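This report concerns only the one structure given below.
The values are calculated or read from the model by the stated rules, or taken from the named source; none is laboratory data. A quick note: this is a predicted structure, and the numbers were derived from the prediction, not measured. FYI the Cβ positions are ideal-geometry reconstructions off the backbone, even for glycines, and counts take in every protein chain you see.
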Amino acid sequence: MPVVKKSTRTAKPKRSAEVVEAPREADLEATGGVTAVTRALQLLDAFGMQDERLSLAELTRRSGMHKTTILRLLRTLALSGYVVQRDDGEWRLGPAAGWLGARYQASFDANNVVEPMLLALSQATGESAAFYVREGSSRTCLARVEGPQPIRHHARMGAMLPLELGSPGRVILAFSGEPGKLYEDIRKKGYHFSIGEREKNVATVSAPVFGLRWALLGSVCISGPADRLPKARLIGHAKTIMKAANELSYALAGRPTAQTPAVVSTWHP
């Protein structure tokens, strides 16, 4: 996992293991893919963050592949240490998978993931986009992309700002487990917006970003002049913000965004 300042509290959205439809061989060939490799990688990706082990039946359900195909792939992966079969017949990821992940983390630069996402978010909304993390009782902006509009909100990188003022801080507090109806509502919706709360005539809308094991990393937001971002428009941008935050969460945790599940809208401590 990249080194990113984060909350010491853990947010745990409820998720269910999703069934991923096996790619068709014709589709793989059309894109120049190798069927066996693609299916082996799909099988490895069937293991979720909370899965210590999986049965053959569960791997079949999640991957959509036939049991005989899965067994053949598992035995091949086991030869290289990417999976291990337990005494009870179930399967777990092997040491080779862990070593691959460790090498990925060692070479990972969070900015290579965060900044492109912020740029895409800014282009999609027409506003400035930023990523905030918690620093004790404050929040600070780690990355920012200015919007294309001639009139826009400017925020200084590295400035220490209050958590309890503005939607980026409110979201961090909410998904750190802060009690109260306001924060319960934020957790239920999965986002929060504010107008003129910290700065007069500035509006923002934010969503949480998580890392490994659903540890809260921070919040992503867009901001701009309040007269250009009234309540209705902020709510209209909410789905875009949550989608971006969700994809960033999976990218920072080393998961493929192509298989990112639906945006999490509820949370339970």
Count of residues meeting criterion [at pLDDT below 90, more than 12 Å from the chain's Cα centre (by Cα) and over 18 Å from Ala130 (Cβ atoms)] in the stretch 219-255
1
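Here is a yes/no grid of residues against (1) buried (at least 24 other Cβ atoms within 10 Å of the Cβ); (2) in contact with a strand residue (DSSP E or B) (Cβ under 8 Å, 6 or more places away or on another chain); (3) assigned to a loop (DSSP other than H, G, I, E, B):
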position: Glu199; (1), (2), (3): no, no, yes
position: Thr204; (1), (2), (3): yes, yes, no
position: Val209; (1), (2), (3): yes, yes, no
position: Ser219; (1), (2), (3): yes, yes, no
position: Arg233; (1), (2), (3): no, no, no
Sole miss for Leu43 among (1) among the aliphatic types (A, V, I, L, M); (2) more than 23 Å from the chain's Cα centre (by Cα); (3) surrounded by 19 or more Cβ atoms within 10 Å (Cβ to Cβ) is condition (2)
Filtered residue count, the stretch 52-81, keeping only those that are without any contact (Cβ under 8 Å) to a residue 40 or more places away in the chain and in contact with a strand residue (DSSP E or B) (Cβ under 8 Å, 6 or more places away or on another chain):
8
